[in-house]
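> Would you mind keeping the following structure in view while I ask a few things?
The values are calculated or read from the model by the stated rules, or taken from the named source; none is laboratory data. Remember, predicted model here, so these are calculated numbers, not experimental data. Counting neighbours? That spans all protein chains shown, and the Cβs are built from the backbone with ideal geometry, glycine included.
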Amino acid sequence: MNITSTSLSYMFFVVSIIEFIFFLYYKFLVINTGTKSKRRENIIGTMKDPEHWRKRNNIIAFISLFWAITSIIAFIYLKFFYTSRLLSIVYVFIYIVIIVLSVSVFIKKNKLVPDK
């Protein structure tokens, strides 16, 4: 299935917005669970290892920011610099799979409770 490069660029723009929202969500979790935060106890509760959890969420936030910036760059390139008119929609699906794999590999590698 082929779509125009302009449509594909806007799909990358939507992906960048979604990734930026994930970045904000995880960053606010890290900020609101800081040692001086009033909401710390409400969010953490009886968690076993809150510092590891905060570190992991901070890294996921920056992974999301990386993909948001990468998606914005793809959007700008396809919107303003790419001259071909038709592209395969498979590129977006491959891109989303790579994003999901990068986050899932990180989460699997940094489990909160390691396997015995």
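> Could you check how many residues of the stretch 26-62 are part of a helix (DSSP H, G or I), of a type outside the set (A, V, I, L, M, F, W, C) and surrounded by 14 or more Cβ atoms within 10 Å (Cβ to Cβ)?
10
> While we're here: I need the full set of residues from the stretch 86-103 which are assigned to a helix (DSSP H, G or I) and at pLDDT below 85, in order please.
Scanning the stretch 86-103 gives Y91, V92, V103.
> Further question on the same structure: Report yes if I107 is crowded, with 17+ Cβ neighbours inside 10 Å and under 30 Å from F12 (Cβ atoms), otherwise no.
Spelling it out, it is not the case that I107 is crowded, with 17+ Cβ neighbours inside 10 Å and under 30 Å from F12 (Cβ atoms).
> Just give me the residues in the stretch 76-85 being assigned to a helix (DSSP H, G or I) and surrounded by fewer than 20 Cβ atoms within 10 Å (Cβ to Cβ), in sequence order.
Matches in the stretch 76-85: I76, Y77, K79, F80, F81.
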